[in-house]
Each structure stands twice: as C-alpha cells, then as structure tokens.
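Some notes on the structure that comes next.
The values are calculated or read from the model by the stated rules, or taken from the named source; none is laboratory data. Remember, it's a predicted structure, so these values are computed and weren't measured experimentally. Virtual Cβ from ideal backbone geometry, glycine too; neighbours counted across all protein chains shown. For the accessible areas, the whole protein counts, side chains as well, though only heavy atoms, and no ligand, DNA or RNA atoms are used. Shrake-Rupley method; radii C 1.70, N 1.55, O 1.52, S 1.80 Å.
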Amino acid sequence: LCRGGLAERLCRLQNRERSAISFWRHQCISDDKIPSDKSGVLIVKILEIFEECTIQVAICQQLEQSPVTFSPEDAVINAEEPILKVLFTRETAAHLKSRPQDVIHIYPPWQKLLLQNADVPVIMNTYFSQKVLLSEHSEAREKTYGLTKMLIRKNIISLAQTFRLDDLDDELHQDPSDNQVACALQIHNNGGSKQHPLALSAVNDSLLEMVESQGAVGWREVQVRVVIQRVYCLPARERCRSHTQGNKPLCATPVTNSDPPNVRLCLLVQDAYGMFSEVQLQSLSSTDDIEQYCRRWEGKSCCLAGMKILQRTTRGRALGLFSLIDSLWPPAVPLKVPGQSQDSEMMTTNLPPPSFCYILTVQSGEIRVEVDEEEQISNLYQPPAVHGLKEILRIGGCNERCSFWAQVLYQRLQTKHNVPIDQRDILLFVTDSTLQNVVYGIPKVVAVSVTASCVLSMEIREALSAGSRLVFFKDALWGNGRIICVERTVLLLQKPLLCLAAGADLSELTGPVKLDELDSTTQANSVCALRGTVVGVNESTAFSWPTCDRCGNGKLELCPQDRELLYCNQCSEVVTTPVLKMQLEVFLSCPSRSQSTVKVKVRHEISVGVSALFVLLTMLLFLQTYEVQSVLGREVGLLNCYVHSVTSHPNCVALEEIVLL
C-alpha cells in the first residue's frame with residue numbers, strides 16, 4: 001500500500017474497527033450482563049433470515065422495550081413502527097447465531113438507510129449487537145437450538161441482474177442444451193438418491209460470483225457454466241483420499257495392480273469472464289483413460305454443481321498451475337466485462353493474467369459427467385500450440401509451457417539414495433526432425449526430465465519399455481535450458497485432434513537417428529556418439545557372467561548331456577544364446593577430446609554379437625585366452641554412450657555404453 005494513501009488509511013481504520021468490536025464483545029462476556037447504557041439502543045425481534053451476497057439479512061420488527069421477564073414471543077411490538085431490514089456481516093452473524101423470534105440489541109453507531117421506492121428502512125453498521133436471552137425458557141431453547149445448525153436460505157443475485165445488462169434473459173434463463181457436458185451432484189440419503197430441485201434450474205457463467213455468493217462451504221442450488229481448457233491427473237493428497245472413500249468412481253474400469261494408486265482426475269476450467277479454476281474430481285484407480293478424457297472433454301462446455309472450495313491459491317504459491325494458466329492467456333476471444341453491455345467488442349489483449357485461482361472439489365456424493373460427442377468446440381478453448389524441439393530450445397523465457405511431438409530414444413531412471421523407485425525422476429532422451437536436420441549449433445538429442453509428480457499412464461510406461469515410440473508431450477515446462485514434465489503435464493501416444501502446429505516441422509523421422517559426437521561441449525547427463533582408439537583396459541574391476549535370455553537367471557550350469565552348453569534350472573532348458581552381464585571399463589583416445597581421459601563403462605546386459613569391441617573384450621575376460629595387448633590400439637566405431645560426468649581436474653570424461661530403444 002502507498003504510504004499515506006487512501007488504501008492504507010482504510011486498512012488502519014478497519015483494523016481499529018475490528019479491535020473495538022473484539023474489545024466490546026470481550027467486555028460483554030466478562031460482565032455477563034447487557035450494557036447498562038440504553039441510550040440509542042435499537043431493540044428488534046427477528047421475523048425472517050436469509051443471506052444475500054455473503055451478508056445476512058434479517059427482517060425484523062422494532063420493540064418498544066425488552067422486558068426481562070417476558071419471553072421473545074411475548075415481547076411488545078410497536079405496530080406503528082415499520083418493519084426493518086437489518087444487515088449483519090458474516091462475522092457478526094456467526095457471533096450472534098440468530099434465529100427467528102430472537103431479540104437483538106443493536107448499539108450505536110448503527111445507521112438507518114432510507115431507499116427510494118422502498119418502504120422498509122435498512123439498518124447498517126450493526127457490529128455492536130448482542131442477542132438477549134429473556135427467560136429460562138429462552139435459555140433452554142437456545143441450548144437445544146445450539147446443537148443443530150440452522151439452514152439459511154441464500155438469494156442468488158446475478159452480476160448481470162445487478163448491472164442490468166441487456167442480455168439478462170438470454171444469459172440467465174437459457175436452459176442447458178442437450179449437447180453440453182453436465183456435471184450434476186447426486187445427493188445420497190439412506191439408500192435413495194435425489195437431486196436438488198434447483199440443481200439444474202439456475203445456471204450462472206461467473207466462477208467468482210458463485211464463490212462470493214455461495215461462500216467457501218460450496219453451492220448446491222446453482223450451476224456455473226465453464227469451458228474445459230485442460231484435462232490431466234494429479235497425485236491424490238491424503239486429505240482427498242478420505243473424502244472420496246465410499247463414492248462411486250468416475251469410470252467403471254477394471255483395476256490393475258500395476259496402475260499407480262491414488263490418482264485424481266482434474267479439470268482446468270475457465271468462465272466467460274476469464275476466471276480460471278482447477279476442479280478435482282474423484283480418485284481414479286487407473287490412468288489409462290486419461291487420453292480419451294482429453295479427447296472427449298477438452299474444449300467442451302461444462303456445468304459445475306455440487307462444488308466446494310478446497311483452497312484459494314495465488315501465483316506465488318502455485319507456480320506450476322499459473323505457468324499453465326499463463327500459457328492460456330490472453331484469451332482467444334473477447335471476455336465478458338461486468339457492468340458493460342456484451343454487445344460491445346472488448347479487446348482483451350491488454351488484460352493482466354489472473355493473480356489467484358480457486359481449487360474446487362466435489363462435495364460428498366456422486367458426480368455425473370455426461371458428454372455428447374457432437375458438441376461444438378467452444379471459441380474460448382485454446383488447444384496446445386505444438387512446436388518443434390528446435391524452436392523450443394530457442395525460447396528465451398523461463399517457466400514457459402510447451403507442447404511437442406518427439407521420438408523417445410533412451411530412458412534412464414535417476415539414481416537417488418533412500419528414494420523408492422516409483423518416486424524417482426526419469427530422464428527421457430528425445431529427438432525430432434527439426435533437430436536431426438540441424439548441421440551445427442543445436443544438439444540432435446535433448447533430455448526431458450519426468451518428475452515423480454508427473455502422472456504417467458501404464459500405457460505410456462509399457463510403450464517406452466517395449467521400444468522407441470513417438471510420444472506427444474503436452475504442456476511440458478521449459479526454463480533454464482531444460483525441459484521438465486511436472487504436475488499437469490500429460491504424455492500421450494496419439495496427438496490430440498485439436499492442436500496448433502504453429503508452423504513447426506512435425507514430419508516423422510525417416511532415416512537412422514544420429515547422436516552428437518563427443519566433443520568439448522558435451523555435458524554430463526547427456527547422450528553422445530563415441531569413436532576412438534583403445535588405449536587401456538581396467539582388468540582389476542572387469543568381469544562378466546552369462547544369464548538366461550528367457551528368465552534372466554544368472555546362475556547357469558553346464559549341461560549334463562553336453563558340457564559345452566549352458567543349462568538354466570529355472571527354465572529347465574538349454575541356453576543357446578546367453579545374455580552377458582558385464583562390468584568393464586575401457587580407456588579410449590578420442591581425437592575430439594585429445595586432452596581428456598575418456599573412460600567407458602559397461603555395466604548392463606549386452607547380447608552376444610551386439611558390439612564387436614565388447615564381444616572381443618568379453619572373450620578376453622570370459623574365455624581368458626587373449627592377452628590385453630591384443631586389443632590395444634584397435635579402432636572403435638560409433639558407440640552410443642551416456643555421459644556420467646565431465647571433470648576438469650582431472651580432465652576426464654566418464655561414459656557408459658547404452659542401447660537405444
């Protein structure tokens with residue numbers, strides 16, 4: 001706040017006001033008496049209570065006196081005094097816990113507001129109010145009512161009605177069309193389910209208005225119409241798991257033990273005024289349906305009902321969420337502006353992006369999602385803009401969302417001590433035609449870090465384990481020279497039907513994949529191609545052993561019938577093509593790194609006949625019939641390697657031979 005400005009002065013005034021109210025209430029409780037000073041005190045009897053725009057409105061009648069011995073039903077009513085409409089703030093209403101027939105003392109400085117064309121005066125500034133218990137009967141009644149929470153009617157006032165917009169009838173009274181996604185809350189009551197009679201009658205188009213009018217508890221009587229911008233899965237939190245126990249899952253798909261547990265389907269929605277909200281639906285037992293959810297729901301309109309606020313988050317608290325929101329800003333079409341006619345074409349290019357977002361979740365009950373495949377895509381929807389990897393590497397910003405279509409060549413699980421395997425990050429090395437056609441200056445293969453918070457479907461995991469696949473990375477995060485898949489990033493095997501190519505070359509690879517050769521620019525945690533001359537073998541750490549090519553058993557025996565063959569006890573079969581597991585270190589002399597010691601490690605499975613160099617060295621170790629000098633000086637062709645480390649003191653490059661998918 002600007003020092004000495006109106007906002008700062010107002011803030012100080014509000015703080016002093018809150019302090020005065022708290023002190024007054026504390027004094028009343030300590031004295032356990034009604035303040036003796038009756039001058040200016042307004043005594044009213046509540047006839048009816050309802051809520052409007054978070055303000056509690058009480059229809060009251062003024063009393064001439066508040067007899068100590070009378071009950072509220074016997075209080076004297078002045079027939080000549082008009083009925084009053086008394087406004088209580090949410091805090092004051094929570095303190096009073098008023099009900100019809102209660103008597104309230106309102107102490108100065110209350111104010112009376114007379115409205116034009118209205119017969120009922122309005123009483124405001126009722127912070128200093130106290131409920132009066134007039135008899136033992138009233139005290140018993142208060143204790144009984146205190147055990148139950150009173151349901152207060154809420155009047156929904158639309159912004160369009162407040163500003164008297166021309167299209168009020170069109171916007172408010174338009175029934176949901178048949179081709180909309182309807183999200184309706186089902187309330188379960190003792191074996192029978194019934195739908196609130198107003199659940200489908202009132203439809204609004206402002207998320208912020210719903211939050212302000214309905215409060216944090218949630219809304220049941222109304223719906224809000226939004227557009228689904230993104231569909232993704234998030235790891236379910238502990239607080240969300242207990243919330244969904246006993247509920248019917250969103251989709252009745254078979255549960256497999258290999259699926260990642262506790263995954264929650266989420267929607268990023270936007271209303272007609274540009275407001276975003278993240279809607280967290282029930283936990284899913286399987287993530288294999290995320291692709292069809294994206295295909296069916298993204299870009300469609302949806303009516304939300306039965307929501308409650310889980311959290312109000314800001315840009316500083318949820319950088320990942322707001323990086324996704326920023327990628328959808330500015331809007332594709334002009335937004336509605338409260339207080340202005342919607343006929344005017346409002347330009348939205350200069351509007352600042354939202355600074356806060358509400359996280360919504362379903363209330364207890366069943367959520368029903370109905371989708372009509374024939375529905376038209378909303379004009380507000382912004383599909384992912386697909387770029388080539390070459391263009392992404394040239395983006396200068398930080399924490400930018402990007403989408404691309406790439407070939408996965410190699411995957412590697414990050415090594416972290418004391419971290420379970422399913423919680424470790426994965427490195428995917430990918431390429432596309434825009435990188436493979438580059439001559440110099442840009443790497444031919446880039447690393448994509450997939451964090452543990454990025455939910456991968458079993459279809460993606462199995463596809464990557466089976467071999468090299470084309471994968472669509474939607475809404476990955478780019479920044480500081482790295483591409484990271486974080487929360488709200490989706491990996492798909494099929495490119496969405498709706499995506500913007502943005503002029504990128506998305507043609508598939510036709511020839512063999514080329515890696516960058518090892519040189520002075522090679523960095524750690526990358527892949528490269530290596531050529532050089534063998535100058536040494538670390539015999540002290542080198543060994544190998546054969547394993548079964550069917551079950552992976554490493555304890556093979558000589559076959560009893562033929563001592564020249566190996567036998568697997570687990571398979572009860574003769575092993576004719578064993579897989580050799582080796583740990584081997586070879587030192588090479590490379591022209592591209594003439595001043596460095598290049599050390600290549602083999603510590604994984606290699607089938608016999610894959611690499612001529614390592615088959616030769618394996619024979620040297622396994623059969624022990626060759627001298628080391630017989631392999632020194634041999635030329636090594638292009639080997640695909642993963643770079644473990646690059647150090648300058650000493651000048652050494654440590655690599656490991658890999659097999660591309």
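What tally of residues in region 454-471 results from selecting those that are surrounded by fewer than 20 Cβ atoms within 10 Å (Cβ to Cβ) and within 20 Å of residue 327 (Cα to Cα)?
Going through region 454-471 one residue at a time, the tally reaches 0.
For region 284-332, which positions are part of a helix (DSSP H, G or I), free of Cβ contacts under 8 Å to residues at least 40 places away in the same chain and either within 21 Å of residue 377 (Cβ to Cβ) or touching a Gly at 6+ places or on another chain (Cβ under 7 Å) (or both)?
Across region 284-332, the qualifying residue is only 292.
Six or more apart or on different chains, Cβ under 7 Å: which pairs go from a residue in region 252-273 that's over 17 Å from residue 457 (Cα atoms) and surrounded by 21 or more Cβ atoms within 10 Å (Cβ to Cβ) to one that's of a type in the set (S, T, N, Q) and at pLDDT 50 or above? Could you list them?
268/229; 269/229; 269/277; 270/229; 271/206
Could you list, ordered by first residue, the pairs with Cβ atoms under 9 Å in which the first is in region 542-564 and small (Gly, Ala, Ser) and the second is open to solvent by less than 90 Å² (accessible area, probe 1.4 Å) and assigned to a loop (DSSP other than H, G, I, E, B), at least 6 apart or interchain?
That search, which allows pairs on different chains as well, returns 554/548.
So which residues in region 206-235 are open to solvent by 20 Å² or more (accessible area, probe 1.4 Å) and at pLDDT below 70?
216, 217, 220, 221
State whether the residues of region 383-391 include one that is under 24 Å from residue 455 (Cβ atoms), open to solvent by 10 Å² or more (accessible area, probe 1.4 Å), modelled with pLDDT under 75 and in a strand (DSSP E or B).
So far as region 383-391 goes, no, none of its residues is under 24 Å from residue 455 (Cβ atoms), open to solvent by 10 Å² or more (accessible area, probe 1.4 Å), modelled with pLDDT under 75 and in a strand (DSSP E or B).
Write out, first by first residue and then by second, each pair whose Cβ atoms fall under 7 Å of each other, whose residues are 6+ apart or on separate chains, and whose first residue, in region 575-596, is exposed (fewer than 15 other Cβ atoms within 10 Å of the Cβ) and in a strand (DSSP E or B) while the second is among the polar types (S, T, N, Q) and modelled with pLDDT of 85 or more.
As it stands, the answer is none, since no pair meets every condition given.
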